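**Q** I have a structure I would like to understand better, so I am pasting it below and will then ask my questions one at a time.
Just so it is clear, none of the values below were taken in a lab; they were calculated from the coordinates. Here the structure is a predicted model, which is why all the values come from computation and not from measurement. Neighbour counts are summed over all protein chains in view; Cβ atoms, including those assigned to glycine, are modelled from backbone coordinates with ideal geometry.
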Amino acid sequence: VSQKIYFTPGPAQLYPSVEAHLKQALWEDIPSISHRSNQFRSIYQDTVEALRELLGLPDNFAILFTGSATEVWERLLQNCVEETSFHLVNGEFSKKFYEFGHLLQKKSLKQEVEVGKGFEVADIQVDYKAELIAVVHNETSTGVVTPEADIQQIKQKNPQRLVAVDMVSSAPYPQLDYRLVDSAYFSVQKAFGLPAGLGVWLVNEKCLAKAESLENKKFTTGAHHRLTNLWKFFEKYETPSTPNVLGIYLLGKIAQDMLREGVANIRKATDRKAQILYDFLQQDSRFEPFVQNPKHRSPTVIVANTVANAPDLIKKISAQGLIMGSGYQTFKEKQIRIANFPAVSLAAVEQLREALAQS
Ligand SMILES: *Cc1c(COP(=O)(O)O)cnc(C)c1O
């Protein structure tokens, strides 16, 4: 095993038990089994049961598998939007979802804030035509978080619209009340610390009903992964096409390990490690947190402005085996991003802080 520690926000540091589960999976021939076998159905079921418990996800939600979180954007637009989606844009990921709407011939609308800023619920003006509101819990490009309570308030103010939450770089951290969310999604190479190649789409029966109504109106909801078909297969713990069986197996195992650790403990440890990093960034004059408002500072992806040239700093720190993420796009030269995922231990965070302090 490599001695490096990845603080990159995806792909990221592997969760410590991945190696053992991967070996066990090979031993059990998991990559060779049929996806139409009882063995696969029971893997899918185990993963669903572990995720339900970990996330507090009620039974009216299906757990569906896609190729990536990016795929989920397309599926949501095709299956849950007849004409108008509404996007809260505060960085590159939320913006891409909005742009997908136009690529799919929808009349997607957005409300946008400056990068590094978050939304105040009182300032959000949802267009009356919006069928779906897209909100990002953790905007990975900027390190801005939208607190769970704010997401839920958006739904309370818009009970007739679907609310879809991107929690790609934070799940299982966010403690969402799934009575006030209609869909949420993530991919496994971020906070779950797994190899990439699996998107996880949580959807409730209201989303399914919307997809059915679109199909009744002869809309195209997709072919390969349309919601009605994914859901039909989910009911027997199968998938329409050959899925990432190994990925689904590993996700179930890691979710079970996280349950043993205790999700409350994982959240507490995340907060503590984030505090250490933000305190350091505020104390050392060569750094500052990019996000000014403490309420909008992400606990899972910490973005910092650097006085030094950021690529040089990243290179210098990487010589010690500590791999940080670069600033996103236009911020490459003057920002670093530090993923504070469950796979990164307190000791690793302290090691990084020392390395930055001595840089
Ligand atoms: C990484 C990321 C995505 C895209 O995930 P993929 O697995 O690359 O499709 C979407 N949203 C956010 C916030 C992300 O961090």
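**Q** Would you check if residue 319 is over 25 Å from the mean Cα position of the chain (by Cα), surrounded by fewer than 21 Cβ atoms within 10 Å (Cβ to Cβ), of a type in the set (Gly, Ala, Ser) and closer than 25 Å to residue 194 by Cα? Explain how you work it out, then say what you get.
**A** Values: over 25 Å from the mean Cα position of the chain (by Cα): yes; surrounded by fewer than 21 Cβ atoms within 10 Å (Cβ to Cβ): yes; of a type in the set (Gly, Ala, Ser): yes; closer than 25 Å to residue 194 by Cα: yes.
For residue 319, the condition - over 25 Å from the mean Cα position of the chain (by Cα), surrounded by fewer than 21 Cβ atoms within 10 Å (Cβ to Cβ), of a type in the set (Gly, Ala, Ser) and closer than 25 Å to residue 194 by Cα - is met.
**Q** Looking only at residues that are touching an Asp or Glu at 6+ places or on another chain (Cβ under 9 Å) and within 27 Å of residue 30 (Cα to Cα) in segment 215-230, which one is surrounded by the most Cβ atoms within 10 Å (Cβ to Cβ)?
**A** The residue in question is 227.
**Q** Of these, 177, 127, which one is more than 16 Å from the ligand (Cβ to nearest atom) and touching a helix residue (DSSP H, G or I) at 6+ places or on another chain (Cβ under 6 Å)?
**A** 177
**Q** Okay, moving on. Would you please name the residue that is nearest to the chain's Cα centre (by Cα), looking only at residues in segment 170-215 that are outside any loop (DSSP other than H, G, I, E, B) and closer than 23 Å to residue 16 by Cβ?
**A** 186
**Q** To continue, here is another question. Scan 32, 42, 68 and give me the residue that is polar (S, T, N, Q) and more than 24 Å from residue 232 (Cβ to Cβ).
**A** 32
**Q** Cβ-Cβ under 6 Å, sequence separation 6+ or interchain: first residue in segment 92-118 and more than 27 Å from residue 336 (Cβ to Cβ) and assigned to a loop (DSSP other than H, G, I, E, B), partner among the acidic types (Asp, Glu) and away from the ligand (no atom under 15 Å from the Cβ). Which pairs?
**A** Between residues of segment 92-118 that are more than 27 Å from residue 336 (Cβ to Cβ) and assigned to a loop (DSSP other than H, G, I, E, B) and residues that are among the acidic types (Asp, Glu) and away from the ligand (no atom under 15 Å from the Cβ), the close pairs are 107/83.
**Q** Another one. Of the residues that sit in segment 85-113 and are farther than 20 Å from residue 151 by Cβ and either of a type outside the set (D, E, K, R) or surrounded by 20 or more Cβ atoms within 10 Å (Cβ to Cβ) (or both), which one is nearest to the ligand (Cβ to nearest atom)? Let's see the steps before the verdict.
**A** Residues of segment 85-113 that are farther than 20 Å from residue 151 by Cβ, as a first pass: 99-100, 102-107.
Add one more test, that the residue is either of a type outside the set (D, E, K, R) or surrounded by 20 or more Cβ atoms within 10 Å (Cβ to Cβ) (or both), and what stays is 100, 102-105.
Working: 100: 11, 102: 18, 103: 15, 104: 16, 105: 22 Å.
Here the answer is 100.
**Q** Given the structure, is residue 241 within 15 Å of the ligand (Cβ to nearest atom) and polar (S, T, N, Q)?
**A** no
**Q** A further question follows. Go through (1) closer than 18 Å to residue 181 by Cβ; (2) more than 16 Å from the chain's Cα centre (by Cα); (3) within 16 Å of the ligand (Cβ to nearest atom) and name the single condition residue 121 misses.
**A** Single failed check for residue 121: (3).
**Q** Another question, if that's okay. Is there a residue in segment 1-9 that is touching a Lys or Arg at 6+ places or on another chain (Cβ under 9 Å), among the hydroxyl-bearing types (Ser, Thr, Tyr) and surrounded by 22 or more Cβ atoms within 10 Å (Cβ to Cβ)?
**A** no
**Q** Next up: Is it the case that residue 79 is touching a residue at least 12 places away in the same chain (Cβ under 8 Å), of a type in the set (S, T, N, Q) and away from the ligand (no atom under 16 Å from the Cβ)?
**A** So residue 79 passes the test.
**Q** Can you find even one residue in segment 62-75 that is out of contact with any helix residue (DSSP H, G or I) (no Cβ under 7 Å at 6 or more places or on another chain) and either more than 16 Å from the ligand (Cβ to nearest atom) or closer than 21 Å to residue 127 by Cβ (or both)?
**A** Checked against the condition, which is being out of contact with any helix residue (DSSP H, G or I) (no Cβ under 7 Å at 6 or more places or on another chain) and either more than 16 Å from the ligand (Cβ to nearest atom) or closer than 21 Å to residue 127 by Cβ (or both), segment 62-75 yields no hits at all.
**Q** A follow-up question, please. Can you tell me which residue in segment 2-32 is farthest from residue 251 (Cα to Cα), limited to those that are among the aliphatic types (A, V, I, L, M) and touching a residue at least 12 places away in the same chain (Cβ under 8 Å)? Can you show your working first?
**A** Let us first name the residues in segment 2-32 that are among the aliphatic types (A, V, I, L, M), namely 5, 12, 14, 18, 20, 22, 25-26, 30.
Filter once more, keeping what is touching a residue at least 12 places away in the same chain (Cβ under 8 Å): 5, 12, 14, 18, 22, 25, 30.
On the way: 5: 21, 12: 15, 14: 12, 18: 9, 22: 11, 25: 12, 30: 13 Å.
Across segment 2-32, the extreme among qualifying residues is 5.
**Q** Something else about it: Under 8 Å between Cβ atoms, at least 6 apart or on separate chains: pull out the pairs that start in segment 54-75 with a residue that is at negative phi and end on any residue that is among the aliphatic types (A, V, I, L, M) and within 9 Å of the ligand (Cβ to nearest atom).
**A** Note: pairs meeting the criteria are 65/198; 66/72; 66/198; 67/198; 68/196; 68/198; 69/168.
**Q** Same structure, new question: Any residue that is surrounded by fewer than 24 Cβ atoms within 10 Å (Cβ to Cβ), part of a loop (DSSP other than H, G, I, E, B) and touching a helix residue (DSSP H, G or I) at 6+ places or on another chain (Cβ under 9 Å) - is there at least one of those in segment 143-154?
**A** There is at least one residue in segment 143-154 that is surrounded by fewer than 24 Cβ atoms within 10 Å (Cβ to Cβ), part of a loop (DSSP other than H, G, I, E, B) and touching a helix residue (DSSP H, G or I) at 6+ places or on another chain (Cβ under 9 Å).
**Q** Keeping to segment 197-214, report how many residues are surrounded by fewer than 19 Cβ atoms within 10 Å (Cβ to Cβ), in contact with a strand residue (DSSP E or B) (Cβ under 7 Å, 6 or more places away or on another chain) and either closer than 20 Å to residue 168 by Cα or acidic (Asp, Glu) (or both). Give the derivation first.
**A** So the first thing to find is which residues in segment 197-214 are surrounded by fewer than 19 Cβ atoms within 10 Å (Cβ to Cβ), and the list is 197, 205-206, 209, 212-213.
Those still in the list that are in contact with a strand residue (DSSP E or B) (Cβ under 7 Å, 6 or more places away or on another chain) too: 206.
Next, only the ones that are either closer than 20 Å to residue 168 by Cα or acidic (Asp, Glu) (or both) stay: none.
Total meeting the criteria: 0.
**Q** A further question follows. Look through 303, 344 and report the one residue that is assigned to a strand (DSSP E or B), under 25 Å from the mean Cα position of the chain (by Cα) and among the aliphatic types (A, V, I, L, M).
**A** Matching residue, one of 303, 344: 303.
**Q** Being under 30 Å from residue 299 (Cβ atoms), hydrophobic (A, V, I, L, M, F, W, C) and within 16 Å of the ligand (Cβ to nearest atom): is that true of residue 165 here?
**A** So residue 165 fits the description; yes.
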